[in-house]
Amino acid sequence: MPDNSNSVIEVTGLECGYDGQTVLKDVNFTVKRGEVFFIIGGSGCGKSTLLRNLVGLHAPRAGDVKFFGKSFTASDLSTRRTLLKTFGVLYQGGALWSSLTLRQNVALPMEEHTALSPREIAELTCLKLAQVGLTGFEDYYPAEISGGMRKRAGLARALALDPDIVFLDEPSAGLDPITSRKLDELVLQVRDSFGTTLVVVSHELASIFGIADRVIMLDRGAQGIIAEGAPATLAESSRDPRVTEFLLRRDRVRVPGTPAV
Ligand SMILES: Nc1ncnc2c1ncn2[C@@H]1O[C@H](COP(=O)(O)OP(=O)(O)OP(=O)(O)O)[C@@H](O)[C@H]1O
């Protein structure tokens, strides 16, 4: 029997799609506490679709998603609400409210979901923004800061309720390599400081090889997972050309310990 005692997410028999189109079927995997877990694969293979089904934005056609052993998919509204508070999501582009300052954006989840006093919320908001290096920008609007700063503000908002799990959808999209690397470092810092589990959708090799403990690779033709494991191990020992072609793209960063291609 698999040891699921340390699992924070368990996905079994998941099938997702749109109208008449099946995107993924029979998807099974677990994510362990404190892991930096990546969902990877080429364009259109269903990474974002899987993420939306995991966080409850879309209802799976079949299968189950469990958080901490509790079914999210089959739960009633009140259990769902409780489970929703255990995770935060950083959407592509940061998805901040443009009419609110960074301070107001980060405070919003606390105002909506906690009984904290305005003073406590104000203090925690400053702390969250400091954690992502945005002290001094509390009263800026999203349009007044850079793309990388918007991502960091989005991460601060995702961390607002001290979640056990944070989902990040293509965090590097639209960022230059240096800014992207800084965001990766921040992701590791969050994990190391708070023990947060991070689930990242990405096709960026620098991030995959830089910070992922383990990945699942999706494939459009297979409509599911074609590989699972540590990225360096998969790059070195997978015999599936779909996996090696993806992980050994010529423009990729070097796998530690291997010669540059
Ligand atoms: N809202 C939607 N309605 C209908 N079909 C969709 C929708 N979103 C995605 N799809 C389809 O589902 C499939 C998987 O798309 P998805 O965006 O999940 O892939 P992805 O791996 O995240 O791609 P990318 O890396 O390009 O963002 C594609 O065929 C896409 O056209």
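The values are calculated or read from the model by the stated rules, or taken from the named source; none is laboratory data. Fair warning: this is a prediction, and the values are worked out from it, not measured in the lab. Please note: Cβ atoms are built from the backbone with ideal geometry, for glycine as well, and neighbour counts cover all protein chains shown.
Would you confirm whether any residue within the stretch 121-141 is of a type in the set (Val, Ile, Thr), closer than 30 Å to GLN21 by Cβ and touching a residue at least 12 places away in the same chain (Cβ under 8 Å)?
No; the residues of the stretch 121-141 include none that is of a type in the set (Val, Ile, Thr), closer than 30 Å to GLN21 by Cβ and touching a residue at least 12 places away in the same chain (Cβ under 8 Å).
Can you tell me which residue in the stretch 83-126 is modelled with the lowest pLDDT, limited to those that are touching a strand residue (DSSP E or B) at 6+ places or on another chain (Cβ under 8 Å) and among the aromatic types (Phe, Trp, Tyr)?
Once the filter is applied, the top-ranked residue is TYR91.
Provide a single number: the residues in the stretch 222-236 that are surrounded by fewer than 18 Cβ atoms within 10 Å (Cβ to Cβ) and closer than 18 Å to GLY210 by Cα.
6
In the stretch 196-214, how many residues are within 21 Å of VAL55 (Cα to Cα) and in contact with a Ser or Thr (Cβ under 9 Å, 6 or more places away or on another chain)?
Counting residues in the stretch 196-214 that are within 21 Å of VAL55 (Cα to Cα) and in contact with a Ser or Thr (Cβ under 9 Å, 6 or more places away or on another chain) gives 5.
What pairs come out if I take residues in the stretch 185-210 that are in contact (Cβ under 8 Å) with a residue 60 or more places away in the chain and pair them with residues that are part of a helix (DSSP H, G or I) and within 16 Å of the ligand (Cβ to nearest atom) whose C-beta lies under 6 Å away, six or more apart or interchain?
Once the first residue is in contact (Cβ under 8 Å) with a residue 60 or more places away in the chain and sits in the stretch 185-210, its partners that are part of a helix (DSSP H, G or I) and within 16 Å of the ligand (Cβ to nearest atom) give VAL201/LYS47; VAL201/LEU51.
Being of a type outside the set (A, V, I, L, M, F, W, C) and farther than 15 Å from GLN92 by Cβ is the filter; apply it to the stretch 50-62 and report the residue that is farthest from the ligand (Cβ to nearest atom).
Applying the filter and picking the extreme gives GLY56.
Of the residues that sit in the stretch 10-49 and are within 7 Å of the ligand (Cβ to nearest atom) and under 11 Å from the mean Cα position of the chain (by Cα), which one is surrounded by the most Cβ atoms within 10 Å (Cβ to Cβ)?
For the stretch 10-49, the residue satisfying everything is LYS47.
Surrounded by fewer than 22 Cβ atoms within 10 Å (Cβ to Cβ), more than 9 Å from the ligand (Cβ to nearest atom), farther than 25 Å from GLY221 by Cβ and not aliphatic (A, V, I, L, M): does that describe ASN6?
It is true that ASN6 is surrounded by fewer than 22 Cβ atoms within 10 Å (Cβ to Cβ), more than 9 Å from the ligand (Cβ to nearest atom), farther than 25 Å from GLY221 by Cβ and not aliphatic (A, V, I, L, M).
Listed here are the residues, each with its yes/no results for (1) out of contact with any helix residue (DSSP H, G or I) (no Cβ under 9 Å at 6 or more places or on another chain); (2) of a type in the set (S, T, N, Q); (3) part of a helix (DSSP H, G or I).
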position: LEU155; (1), (2), (3): no, no, yes
position: SER172; (1), (2), (3): no, yes, no
position: LEU175; (1), (2), (3): no, no, no
position: LEU198; (1), (2), (3): no, no, no
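Take the residues in the stretch 157-170 that are in a loop (DSSP other than H, G, I, E, B) and more than 18 Å from VAL8 (Cβ to Cβ), then tell me which one is farthest from the ligand (Cβ to nearest atom).
ALA160
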